[in-house]
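Just below is one structure, and these are the notes that go with it.
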Amino acid sequence: MQFKNVIRSYGARVAVGAAAVGLLTAGIAAPAVGQESTGRSVVVAAPAAKDARQIGTGPLATVGGVAVSATADSATREIAQAAPAAVTATANLCGTGYYLIHAEQLPTPEQRLGTVFMYRKNVAPWNACAMFDNNTASAKWMKLKICPNTVGAACDVDEGLFSQYAGPVRVTDGWCAQTTALMKTSSGASTYLVNRAIRPSCN
């Protein structure tokens, strides 16, 4: 698949051709073929005051230039080591300064229809970002939501029919942020292929 430079904004997506398999398989580092247009509302919560936090002992490792948190679980580290191109691609879509805190293959590693990548910055106000990679061979209805761990705070949501990925979604106050990933064959389908809410360790 040829790489195409496509600028992707919060307000809209750009449709650029036929479907592809997903970042975890293709290793694409920029918006790619098959990202259908969809409306999107982005609301970022205002930062809350926090004390300084120690994040383990610092980054555990660097994968393709992306730092992996010392608090990341073994499954996250294994995914990062096995798929460095996907970690780098999703981190680049989130932006600079993020490190990987959690990666999970959904609904299970054996079935792996999609992979969630969750990132956070190591400085206050702990900006967080998430990506949901489509690992199937066709477009699926996908929804990705990230919510701050603050009562009444607004979430950031991306949903639509995507062949590559949903996201990035971001919040400013990202400490203990919860990410929800959903996937169905179509928006009208009654059964979810993936339905997972993830809140990484807040330690």
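Please say if the range 48-203 is rounded, prolate or oblate, where rounded means a/c under 1.5 for a ≥ b ≥ c the square roots of the C-alpha gyration tensor eigenvalues, and otherwise the choice is prolate for a/b larger than b/c and oblate otherwise?
Verdict is oblate for the range 48-203.
Taking the Kirkwood radius as Rh and the Cα radius of gyration as Rg, the range 134-203 has a ratio of Rg/Rh equal to 1.02. Applying D = kT/(6 pi eta Rh) to the range 103-172, where Rh is the Kirkwood radius over alpha-carbon pairs, T corresponds to 20 °C and eta to 1.002 mPa s, the Stokes-Einstein value obtained is 167 µm²/s.
Can you give me the C-alpha center-to-center distance between the range 70-146 and the range 153-203, rounded to a whole angstrom? One Cα centre to the other: 11 Å. For the peptides 135-148, 116-129, 182-195, 62-75, the ranking by packing is 116-129, 135-148, 62-75, 182-195, with the highest mean count of neighbouring Cβ atoms within 10 Å listed first. In order along the range 118-125, the Karplus-derived 3J(HN,Hα) couplings, from 6.51 cos²θ - 1.76 cosθ + 1.60 at θ = phi - 60°, round to 10, 10, 8, 8, 9, 9, 4, x Hz, and Gly and Pro are given as x. If the chain linking Ala61 and Val151 were pulled fully straight, counting 0.36 nm for each residue of separation and taking away their Cα-Cα distance, it would gain 29.0 nm.
Name all residues of the range 168-199 having a backbone nitrogen under 14 Å from the label point set 7 Å from the Cα of Glu78 along its Cα→Cβ direction, giving them as ranges. Inside the label zone: nothing.
Every read-out reported here was derived from the displayed coordinates using simple, explicitly stated rules and does not represent laboratory data. On a predicted model such as this, the values are computed, not experimentally measured, just so you know. Please note: Cβ atoms are built from the backbone with ideal geometry, for glycine as well, and neighbour counts cover all protein chains shown.
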